[in-house]
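Reviewing the structure listed below.
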Amino acid sequence: MIWELDLAILILVIVAAIGVIQVKDLLGCAILFSAYSFLMCLLWAIMGAVDVAFTEASVGAGVSTVFFVAAVFRTTRRTKD
Amino acid sequence: MKAIGLIIVVLAGALLLYSTQDFPFWGDPASPAGTHTATYYLTKAFEETSVPNVVTAVLADYRGFDTMFETGVIFCAGLGCFVLLRLSRSRDEDSYYRHVATGITLHIKSAKIPDVSSEFERIDTLWTPYDLIVKTVCRLLAPFVQLFGLYVIAHGHHSPGGGFQGGVILGASVILIAISHNMRTAIGRISEKTIHILMAVGVLLYSGIGALCILLGGNFLDYASLSRILFTNEIEARSLGILGVEVGVGITVMAVMITIYNNLSSDGRLDEGL
């Protein structure tokens, strides 16, 4: 395992997670959450859990993003708080 | 109120970080998880089930109950989404049609053009986007996505993958059609009734294989007893039992993904998607 790569992905995961909480635009949140899922997928793959990485990539980064975007499209794009 | 929430979150996070000190190191062979059952699975899984991918063998054979109820959870999620969101009444009596050759939208108050018309296309709002390039590319892409999904389900014995991932990919291909064309096209390809039947068929296939094992004299989900009707030895029967179970999981997951998307993106009216 290359530790520089690992560190860079870990920092990006934390940045994405904080971004999801802070951003007011819910569509942006959905995209950031997709990026978070994809980075987690990379982490799983680095740790050798390829099956989990595959599930994370297809469910987390793929289909759940579509569901979030659909929900945002049918409700509201701005958060109330 | 926000300050209290922040304090609680920081305290809980600090507690969690503190408790990670007691975790075994990553990849530690002497960790509790690695000393009891994991050694057995890693050494015996291939000779007992003839499945090279140990993850699949553990998920579908040794921990078959766990995966069966996971499939049940996904089935319930799809059912819950349907019950909460689906409306039986359409939006209004008005209907919109697009003249395919010119792109002109017709708004018709009471009369109806037959839905199967080569000159007119039923649309749901005054203006829906129409892009020939996006439609054509997505239509050409969908079969390959489906082929990859089937490969992931069928090849889960040898490579990463299995019913869950393959089912999601199969569902995503139908969602791709629904996004790039419109939801009427996707429902025309695979109707709501078919999706609901498939949702139940997958769970029934999984538990049916388990029940068949009881009828053949084994325990529930003991695939070795399937060797009497499959005319193979017990090891091959376990491998084939895992394949049957994975197909069941894939069918349920695919149907649930489609039904969640259909209901979520159209407010439960199943007319116009995103």
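Condition check for B:Leu15 on (1) away from chain A (no Cβ under 14 Å); (2) modelled with pLDDT of 90 or more; (3) surrounded by 11 or more Cβ atoms within 10 Å (Cβ to Cβ): one failure, at (3).
Restricting attention to segment B:59-70, the residues that are touching a Ser or Thr at 6+ places or on another chain (Cβ under 9 Å) and within 14 Å of chain A (Cβ to nearest Cβ) add up to 2. Every condition in (1) within 14 Å of another protein chain (Cβ to nearest Cβ); (2) crowded, with 17+ Cβ neighbours inside 10 Å; (3) of a type outside the set (A, V, I, L, M) is met by B:Trp26 except one, and the failing one is (2). Would a scan of segment B:30-38 turn up a residue that is surrounded by 13 or more Cβ atoms within 10 Å (Cβ to Cβ) and over 27 Å from B:Val249 (Cα atoms)? For segment B:30-38, residues surrounded by 13 or more Cβ atoms within 10 Å (Cβ to Cβ) and over 27 Å from B:Val249 (Cα atoms): present. Among the residues of segment A:25-80, those that are charged (D, E, K, R) and touching a Lys or Arg at 6+ places or on another chain (Cβ under 9 Å) comprise A:Asp25, A:Arg78.
Can you find even one residue in segment B:40-50 that is in a loop (DSSP other than H, G, I, E, B) and touching a Phe, Trp or Tyr at 6+ places or on another chain (Cβ under 8 Å)? No, every residue in segment B:40-50 fails to be in a loop (DSSP other than H, G, I, E, B) and touching a Phe, Trp or Tyr at 6+ places or on another chain (Cβ under 8 Å).
When the residues of segment B:118-134 are filtered to those that are of a type in the set (Val, Ile, Thr) and not in a helix (DSSP H, G or I), which remaining residue is modelled with the highest pLDDT? The selected residue is B:Ile123.
Can you spot a residue in segment A:3-16 that is among the hydrophobic types (A, V, I, L, M, F, W, C), within 14 Å of chain B (Cβ to nearest Cβ), crowded, with 16+ Cβ neighbours inside 10 Å and over 16 Å from the mean Cα position of the chain (by Cα)? Checking segment A:3-16: not a single residue is among the hydrophobic types (A, V, I, L, M, F, W, C), within 14 Å of chain B (Cβ to nearest Cβ), crowded, with 16+ Cβ neighbours inside 10 Å and over 16 Å from the mean Cα position of the chain (by Cα). Which one is farthest from B:Gly167 (Cα to Cα) among residues in segment B:47-69 that are among the charged types (D, E, K, R) and free of Cβ contacts under 8 Å to residues at least 24 places away in the same chain? Looking at residues that are among the charged types (D, E, K, R) and free of Cβ contacts under 8 Å to residues at least 24 places away in the same chain, I get B:Arg63. Candidates A:Ala57, A:Ala30: the one that is small (Gly, Ala, Ser), touching a residue at least 40 places away in the same chain (Cβ under 8 Å) and crowded, with 18+ Cβ neighbours inside 10 Å is A:Ala30. Criterion applied to B:Gly27, B:Gly72, B:Gly34, B:Gly13 was being small (Gly, Ala, Ser), outside any helix (DSSP H, G or I) and either out of contact with any Lys or Arg (no Cβ under 9 Å at 6 or more places or on another chain) or under 30 Å from B:Ile242 (Cα atoms) (or both), and the one residue passing it is B:Gly27. Among the residues of segment B:126-168 satisfying the criterion of being surrounded by fewer than 15 Cβ atoms within 10 Å (Cβ to Cβ) and of a type in the set (S, T, N, Q), which is farthest from the chain's Cα centre (by Cα)? It comes out as B:Thr128. Within segment B:44-74, the set of residues being hydrophobic (A, V, I, L, M, F, W, C), surrounded by 15 or more Cβ atoms within 10 Å (Cβ to Cβ) and over 16 Å from B:Ala200 (Cα atoms) comprises B:Ala45, B:Phe46, B:Val51, B:Val54, B:Val55, B:Ala57, B:Val58, B:Leu59, B:Ala60. Considering the conditions (1) free of Cβ contacts under 8 Å to residues at least 24 places away in the same chain; (2) more than 9 Å from chain B (Cβ to nearest Cβ); (3) crowded, with 18+ Cβ neighbours inside 10 Å, A:Leu39 is excluded by exactly one of them, (1). Being part of a helix (DSSP H, G or I) and either away from chain A (no Cβ under 14 Å) or of a type outside the set (Val, Ile, Thr) (or both) is a property that B:Gly268 lacks. Of the residues making up segment A:42-55, those that are within 10 Å of chain B (Cβ to nearest Cβ) and of a type outside the set (Ser, Thr, Tyr) are A:Ala45, A:Met47, A:Gly48, A:Ala49, A:Val50, A:Asp51, A:Val52, A:Ala53, A:Phe54.
Among residues of segment B:181-204 that are under 30 Å from B:Ser95 (Cβ atoms), those with a beta-carbon under 9 Å from a residue that is surrounded by fewer than 21 Cβ atoms within 10 Å (Cβ to Cβ) and of a type in the set (S, T, N, Q) at least six positions away or on a different chain give the pairs B:Asn182/B:Thr128.
The values are calculated or read from the model by the stated rules, or taken from the named source; none is laboratory data. None of these values were measured; they are calculated from a predicted model. For neighbour counting, all protein chains shown are included, and Cβ atoms are generated from backbone atoms with ideal geometry for every residue, glycine included.
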